[in-house]
Each structure stands twice: as structure tokens, then as C-alpha cells.
1. I'm told P79 meets every condition in (1) more than 16 Å from ligand 3 (Cβ to nearest atom); (2) loosely packed, with under 15 Cβ neighbours inside 10 Å except one. Can you identify the failing condition by its number?
2. Assess whether G282 counts as being out of contact with any Pro (no Cβ under 9 Å at 6 or more places or on another chain), under 15 Å from Q45 (Cβ atoms) and in a loop (DSSP other than H, G, I, E, B).
3. Only one residue in V147, V129 is within 15 Å of ligand 1 (Cβ to nearest atom), touching a residue at least 40 places away in the same chain (Cβ under 8 Å) and not basic (K, R). Which one?
4. Taking interchain pairs and intrachain pairs at least six residues apart, which have beta carbon atoms under 8 angstrom, with the first residue in region 194-209 and over 12 Å from G253 (Cβ atoms) and the second of a type in the set (K, R) and away from ligand 2 (no atom under 14 Å from the Cβ)?
5. Specify the residue that is farthest from the chain's Cα centre (by Cα); the eligible residues are those in region 169-188 that are away from ligand 3 (no atom under 16 Å from the Cβ) and in contact (Cβ under 8 Å) with a residue 40 or more places away in the chain.
6. In region 230-266, what residues are within 16 Å of ligand 4 (Cβ to nearest atom), among the acidic types (D, E) and closer than 20 Å to K195 by Cβ?
7. Can you report the number of residues in region 195-221 which are buried (at least 16 other Cβ atoms within 10 Å of the Cβ) and assigned to a loop (DSSP other than H, G, I, E, B)?
8. Go through (1) away from ligand 2 (no atom under 16 Å from the Cβ); (2) closer than 30 Å to F202 by Cα; (3) of a type in the set (D, E, K, R) one by one and return the number of the condition E146 breaks.
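A short reminder: the numbers here are calculations on the coordinates, not readings from a lab. Bear in mind the structure is a predicted one, so any value in this text is a computation, not a measurement. All Cβ positions, even for glycine, are placed from backbone atoms using ideal geometry, and neighbour counts span all protein chains on display.
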Amino acid sequence: TAKKSASDPFCVYAPEIQKEHQNRQDIERDLREALARGEFELHFQPFVDVKRGCVSGFEALVRWNSPTRGRVSPGVFIPIMEETGLIVPLGLFVLRDACRQAAHWPEGLTLSINLSPRQFEGGDIVADVRQSLAETRLDPKRLQLEVTESLFLSDGDRVLTVLNALRGLGVAMSMDDFGTGYSSLGYLSRFPFDKIKIDQSFVRDLDRKENMAIVRAVLGLGASMKLAVIAEGVETAEQMRVLQEEGCDEMQGYLFSRPRPAGDLPKMLVDIKEGFQQGRFGREVNV
Ligand code: C2E
Ligand code: MG
Ligand code: MG
Ligand code: MG
């Protein structure tokens, strides 16, 4: 939106807006350099099986440690990388690095990776995934790929073809942030998914009966469509209790752990197991 400059009545854009534009160009340039310099790093947040009282896998979440800007939130830089297309090389780094690391994890732990719609456009995401699996020898059954509904705003037929090809490699497809888009249900019926991630906005406030109703409906949907369901953003023992009562057995959230650097993986496995043993999540499990 163009604001009239106070200092110069003949200028369309106020100085603040030019500055915003400059900032945006600066951050874009920094992001390009960051890719070349390898300033991106993966953190991992556990998926927890509350029935068994243990970690079932980890989601890779990218972090940018900028020497000049410090820690920048993905909420800030991912949208810019999506707009500029830089998400494509970043996504490839995430895929390769995450698979390389997960290949050394204890067997049975899954790896989940976020894919951007841009990664489905140019290039060949199917070839990239196939190659990463082959190079790292990660069992395809252990890889889950998360996409959001924004993927389906582009050519649906093409997306369907690519999703089927990805599943053909033996990997699982998850629908991230489920329920926040416009026609989640329609997409579920048209596209092949293995897992639904209930968005944290519904989990955050389960006291609101509307949110509770949505969570219940999604769990019912998962059961009848034979899709796994995981709840995102579980922060309290009370949320965990309610979700489990409703039949949700897989969860992710700060209650169990924040996303942590790869070196903390063994510690997360032990801490969460002990957390269950000690009833730290509100319920004791014998493990
Ligand atoms: P997402 O995939 O839905 O990831 C979940 C986000 O929620 C993460 O934020 C995570 O740190 C945060 N979170 C997890 N548990 C809790 C909780 O209990 N409470 C609250 N308040 N938040 C929680 P993060 O790491 O900042 O990532 C934000 C978004 O950026 C991700 O949402 C994803 O859409 C995107 N993103 C992150 N890494 C990648 C990546 O490698 N590739 C792509 N394409 N997108 C990524
Ligand atoms: Mg995700
Ligand atoms: Mg999500
Ligand atoms: Mg999200």
C-alpha cells in the first residue's frame, strides 16, 4: 500500500516503505549467501507414541544461524525463500542432510521432512527423493514427507501424479497443518495420504468446544479412512490427556521437546522415556 510521504508531497512512497523494500532485498541477498556458505542447519522435534511411551520419529525443521542477523525464524525466511525460489536448493539440502542423518538413527525411528509446493514445480522431486534414499540407504518406509494444502492450489493433476510417484518409492505422505485450508476434506479424498497432522491451532485451545469438535471429527476421519493422525503443538499434560482420551496416540509439541540440534537426539530419546516412567507427562507408563 502506497503511503504519501510527509516530507515530499510529490513522492508516492514514503521513506519507510523504501526501507522495507531495502530490508527485503538485503535479506534475500543474505539468504542466497547463506545457502552458499552452508549457514542452514537441521533441528529435530520428536513425534511421541503416547501409548508406548516413547519417541516414534523426528521431524526435521530447518534453522538459519546468520552471522549478522542471529537466529532467524523459519516463519520469516521460509516465505521469502518460497517467493524467490531459493526454497528449491534449500529443500534439497534438507532432504539430503536429513536422510543422511536418519540413516544412522536407531531402527524404527521415522524421519519427517517438510516439502514446499515450489519443490513440486520445476526440477524432479521424485528423482531427488529416490537418489537421497539410494545414497544414504535409508529405508523408504522410514521417510515421511509433509505437505500443506497450499500444494493443491497449483495444477492438481500434476500434483496427484507426483504424490503417487513418491508413494511408489515406498515413502509416506502426510498432510501438515490439517484443517487450516479451505477444503481439507476434498483434498483428502482426491490425493493419497497416509497421515494427517492436526494443526496446532485446534490443539492449543481444546476448552473451546468448536476445537474439540474438530479434533474429534479429524480423529474419526482418520479411523474410517485408515489414516494415521498426529496432533501438533501439544504443550500441556492436560492437552495430552484429552487427546489420548479421544483416541489420539501420536503427538508432537513442547510438552515433550522443542526442536533440538541433532546432537541432542540421544538425550531426547532418554528424557522422553524417563518422562513417561516418572509420570512427568501426567501419566505413568511401564516401559
Ligand atoms: P510445521 O511444519 O507445521 O512445523 C511445526 C512448527 O511448530 C515448528 O515451527 C515447531 O517448532 C513448532 N512447534 C512444535 N511444537 C510446538 C508447540 O508445542 N507449541 C508451539 N507454539 N509451536 C510448536 P518452526 O520450526 O518455526 O517452523 C515453522 C514452519 O516453517 C513449519 O511449520 C514449516 O511449515 C516451515 N519449515 C520448517 N522447516 C522447513 C523445511 O525444512 N522445509 C520447508 N519447506 N518448510 C519448513
Ligand atoms: Mg511440518
Ligand atoms: Mg504443522
Ligand atoms: Mg506450519
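1. Condition (1) is where P79 drops out.
2. So G282 fails the test.
3. V129
4. Taking only residues 6 or more apart or on different chains, the pairs are D194/R167.
5. Ranking the qualifying residues of region 169-188, first place goes to L169.
6. E232
7. 2
8. For E146, the exception is condition (1).
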